[in-house]
């Protein structure tokens, strides 16, 4: 009857590796049905080390053979092109799925933050919260995942860098006297939401225009 790794460890069965000469538990050897006792004579560590060394030493030879075959074998060329196309397609799908997850997670984090703040029992009187996550995602899609105030695309992953994270999405109330209700929300960057505060969109754009005009008149340069 075959014994499990735990049973072999408990019984203390050992074997000496013919490569490194060390005596190790039998569980440190790979199973080999053709060998005596059903385990190889070389330990896993030595076997893996040899495999890595072999791959490195013969990499140039293998690559040269593949390149030569690629030049002469049209059928193999087509096979490689097809395989690369499929691989790139799969990678594109993975990237799209990862980007979609990052977007959803970023929007959900902002949504949950506003929802928890508005529904918490604090001293500040809440304005009201009557929107679903699905609705906010539809609004983000309508905005093409760009800030409604500045038109800048959102960053979807927090990095800890202040300027980078300032472009994360944030839910803004169009009319600050009303609550978070359908028709009164828009997605903006955290920076734009902070700058707008409780003012109107018109006032926000007036301030941005005045800043640009002042910069142009004074011929100032923005320092990095």
Practice prompt. Please work out if residue 127 is farther than 18 Å from residue 202 by Cα, at pLDDT below 90 and assigned by TED's automatic domain parsing to the domain that holds residue 189.
Written response: yes
Practice prompt. List the number of the failed condition for residue 163; all other conditions in (1) within 36 Å of the chain's Cα centre (by Cα); (2) assigned to a helix (DSSP H, G or I); (3) surrounded by 12 or more Cβ atoms within 10 Å (Cβ to Cβ) hold.
Written response: (3)
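The values are calculated or read from the model by the stated rules, or taken from the named source; none is laboratory data. Bear in mind that the values here come from a model prediction, so they are computed numbers and not experimental data. Heads up, the Cβs are rebuilt from the backbone with ideal geometry, glycines too, and the neighbour counts pull from every protein chain shown.
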